[in-house]
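Since the structure comes first, as C-alpha cells, the remarks are kept for the end.
The values are calculated or read from the model by the stated rules, or taken from the named source; none is laboratory data. What you see is a predicted model, and the numbers here were worked out from it, not measured in a lab. Using ideal geometry, Cβ is built from the backbone for each residue, glycine included, and neighbour counts are taken over all protein chains shown.
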Protein chains: 2
Amino acid sequence: MHLNRREFSWLAGASLMSQALPKLNAQKDSGRIGYCIVGLGRISMDHFMPAVKQTSQSRITALVSGHPDKARKQAALYGVPESSIYTYENYDEIRNNKEIDAVYIALPNSMHAEYTIRAARAGKHVLCEKPMCTSIADAHAMIDACKQANVKQLIAYRCQYEPTNLRAIELIRQGKIGTVQAIESANGFNIRAGEWRLNKKMAGGGPLLDVGIYSLNAFRYLTGEEPVEVKAYSTTIDHDGRFDQVEENTSWTMKFPSGIIASSNTSYGSNMNGFYRVHGSKGVIAVESAFGYQGQHLTAQLGDKTSLDEPNPAKDPSHFIRMADYFSNCIQKNQEPKTNGEEGLRDMEWISRIYESCGMTL
Amino acid sequence: MHLNRREFSWLAGASLMSQALPKLNAQKDSGRIGYCIVGLGRISMDHFMPAVKQTSQSRITALVSGHPDKARKQAALYGVPESSIYTYENYDEIRNNKEIDAVYIALPNSMHAEYTIRAARAGKHVLCEKPMCTSIADAHAMIDACKQANVKQLIAYRCQYEPTNLRAIELIRQGKIGTVQAIESANGFNIRAGEWRLNKKMAGGGPLLDVGIYSLNAFRYLTGEEPVEVKAYSTTIDHDGRFDQVEENTSWTMKFPSGIIASSNTSYGSNMNGFYRVHGSKGVIAVESAFGYQGQHLTAQLGDKTSLDEPNPAKDPSHFIRMADYFSNCIQKNQEPKTNGEEGLRDMEWISRIYESCGMTL
C-alpha cells in the first residue's frame, strides 16, 4: 500500500494529530488562554510569539523582561498594555493579573526552576522550554510546586506536536516498519563564543542538555519505551576557549526493554542538522531536519513495495501553534498534558546517567 | 570552491586513488597474477570472479570447491583447466601449481585462518575476505604464517578501494569539513534462517563480525586514527530461532585520540543499507549505501557555499577490480598492502573489546 499525502492527512487527523490539533473555530479573546512571556530572546520573539498570533485558543497578555525598551516594542506588537509588562523583580505580581492564565518560560536553563515555581505559586499554569532545568532535584521541585498549586505544566517538547515527527510515531505504532530494532540520531550546531549556553552555571551542561535532548526524547517517543541502560563518552576537541566550562561532544548508546538499541551524537562543534533513522524488521523511517523549527523531511521504505517521500512545507510554524493551543486546550478542559513535568524529569534522569557514564555529573 | 566530477576525478587520480588504480595497459596472461578461488559462494561467483575478468593484472587460474559440478561449470567460464580444480582435501597441492600466485579465500569466517595458513605454507599470497577470522589468536597465527612464508596478505576491505569511500577520505584529509567531531553509522540486513552466519562456530559472532565491521573499519579509515575506548550493548529481539547462537543487534560508541566520537548500530534484524555521516567544524559528508557492492552515494556540505551530490554509477564493480589489481600490483612490486593482516587484526581487537563491553566474548 502506498500512502499518499491525502491518506496520510486523513490517518494523522484521525488519530495522533487529533490530540495536538485544537478546534479550529475562532474564539473571542476572552475565551483564549492568556500567556505571559517570560524572557524576550530569539525563541520567544522569532518563534513562539508570532505563532501564538496564529492560534485559535491562545493569546499573549503580558511580558517579563529586563529590557524596558524591548518589552515596550514587543508589547505594542501584540497588544499588551503597559500595565502588563513585568520585570524579574516584580514578576510575582503576575498573581494579580487576571488576564494571565499561563506563563511561557524561555530563559537560560538554570532559571527554569525558579520561574516555574514562582509562576505556580502565583497560580499560573507553566509552559517551560526544554531542558526542563539543570538538576533532578529542581525537576522534582518544579513538579511538586505545580501539583501543590494545582496548575498544569508543559515542557516545550515541540517535536511531539510537530506533524512529521507525529507521522513517524504513527507509522511505527501501525507496524509499518515491523519490529523496531535500532535507531541512530545526531543533533548539534557550531556554537559561537560568548553564548550563555557555554556557561555551565546557566546552561547546566553542554550540547546534551541543549540539543542532544532532542535525540534522547525522540528515542523515547519513537520507541514508546523507557530506556533501561546507557553508556556514553564526552570529549572536547577545540581548545579555543569556548569549552572551558562545558564539553564539546557527547556520544551515547542506549538499550530499551524490548531490545531496541539507539545511538546518538551531539555536538557544539558541528552543524549537524539533526536527524534520526529508525530501522525495523520490515522497513526504515528517516527524518532529516527532524528537530528544527522548520523543514522536517520524512522518507521511508515500508516493506518491499511502499516508499514515502514527505517533505514538510519549508516555513511551517505549526508545531509552535499546535503546542500552544494543545496546552491551552489542556487548561480549558482540565486534562493532563502529555509532555508534562514527569516527561521532562525522565529526560533529566537520563541526561544525568549519560553524564555519569562519562565520569561527569549533571 | 565547488568541485565538479571532473575536478574530483583529477584530484582523486592524483593522490589516493593512484594507490588503488593499477596501470591500465593490458598485459599478457603470463604477466598477470594468477588467483586460486577458495570457496564458490555468492561473493566469489557473483562479484569477485566477474570483476577479475575486467582487471588488467589479475586472472583466475584455479578453483577450490567441495562441489565438482559447480567447480567444472565455473572453471569453464574462466578458462581454468580441470587439472587446476582442487578440493578441500587436496588443497595443499596448490603448492605445485605454478599458475597460482595467490589465493582468494571466501569461506565461512571460521575457516579463514586455516586456509590462509595452508596457502602461506604452500607459498601463495593470500587475499582473504573480512572478517579476517574469528579470534585474535587466529589473526596473529595468520600474520605469522604469511611473514614466515614471505607471502603478502590482504584483507578484502573493499571499501578502502572503492572510489566514493576514497573520495570521503580525501575530502576529510584536505580539511574540507574542518575538524572532524562526530560520526554516525549503521549497517545490517534482515537475515534468513539457516544461513551459516547464524552458526556461532562458523561465523564467530553476530552482525558485528559480518557487517558491523564495515562501520568499524570506516571509523578508522575516515578518522585516520585508532580508537582509544569503546562501550557497547548487544540485544536479541526476535525469538524466532534465528538467534539461538549469535546476537541480533549491537550498538557501540567509540572515542578517538583527537576527541572524535563515533557511534554505530549493526543488526541481523533489519535491512539498513549501510551509511555513515561525518560531521566537521566546517561541514558534513554523508555516504549512503556506503558499504554495498554498488550504488554508493556521497553528499556533502563543505563550508557555507559548496555542496556536493555525487552518486556512483549504479553498477560500478570497480572496487572489486581495483582491489584485485591493487593486490596483484603489491605482489608484482613487492609492496606491503595497506589493508594487510595488521589492519585486519586491529578490527578483530576492537570487535573483541566491543563484545567484552557487552559482557560477551569473541
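Here are the numbers for the structure shown:
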item: Sole residue being charged (D, E, K, R), within 30 Å of B:Gln153 (Cα to Cα) and surrounded by fewer than 21 Cβ atoms within 10 Å (Cβ to Cβ), chosen from B:Glu310, B:Glu288; result: B:Glu288
item: Test: residue in region A:298-307 that is in contact with a Ser or Thr (Cβ under 9 Å, 6 or more places away or on another chain) and within 17 Å of A:Ala232 (Cβ to Cβ); result: no
item: Subset tally (residues that are in contact with a helix residue (DSSP H, G or I) (Cβ under 7 Å, 6 or more places away or on another chain), within 11 Å of another protein chain (Cβ to nearest Cβ) and of a type in the set (A, V, I, L, M, F, W, C)) for region A:210-239; result: 2
item: Which listed residue is more than 17 Å from A:Thr134 (Cα to Cα) and among the hydroxyl-bearing types (Ser, Thr, Tyr), from A:Thr339, A:Thr361; result: A:Thr339
item: Subset tally (residues that are over 30 Å from A:Ala106 (Cβ atoms) and in a strand (DSSP E or B)) for region A:289-307; result: 6
item: Members of region B:308-362 found to be small (Gly, Ala, Ser) and either assigned to a loop (DSSP other than H, G, I, E, B) or at pLDDT 95 or above (or both), listed by number; result: B:Ala314, B:Ala324, B:Ser328, B:Gly341, B:Gly344, B:Ser352, B:Ser357, B:Gly359
item: Qualifying residue in region B:87-100 (condition: crowded, with 20+ Cβ neighbours inside 10 Å and in contact (Cβ under 8 Å) with a residue 40 or more places away in the chain); result: yes
item: Scope region A:151-196; condition within 14 Å of another protein chain (Cβ to nearest Cβ), buried (at least 24 other Cβ atoms within 10 Å of the Cβ) and over 30 Å from A:Gln245 (Cα atoms); matching residues; result: A:Val180, A:Gln181, A:Ala182, A:Ile183
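Every residue, every condition in (1) in contact with a helix residue (DSSP H, G or I) (Cβ under 9 Å, 6 or more places away or on another chain); (2) at positive phi; (3) touching a residue at least 60 places away in the same chain (Cβ under 8 Å); (4) not polar (S, T, N, Q), yes or no:
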position	(1), (2), (3), (4)
A:Phe291	yes, no, yes, yes
A:His297	yes, no, yes, yes
A:Ala300	yes, no, yes, yes
A:Pro313	no, no, no, yes
A:Phe327	no, no, yes, yes
A:Cys330	no, no, yes, yes
A:Gln335	yes, no, no, no
A:Ile351	yes, no, yes, yes
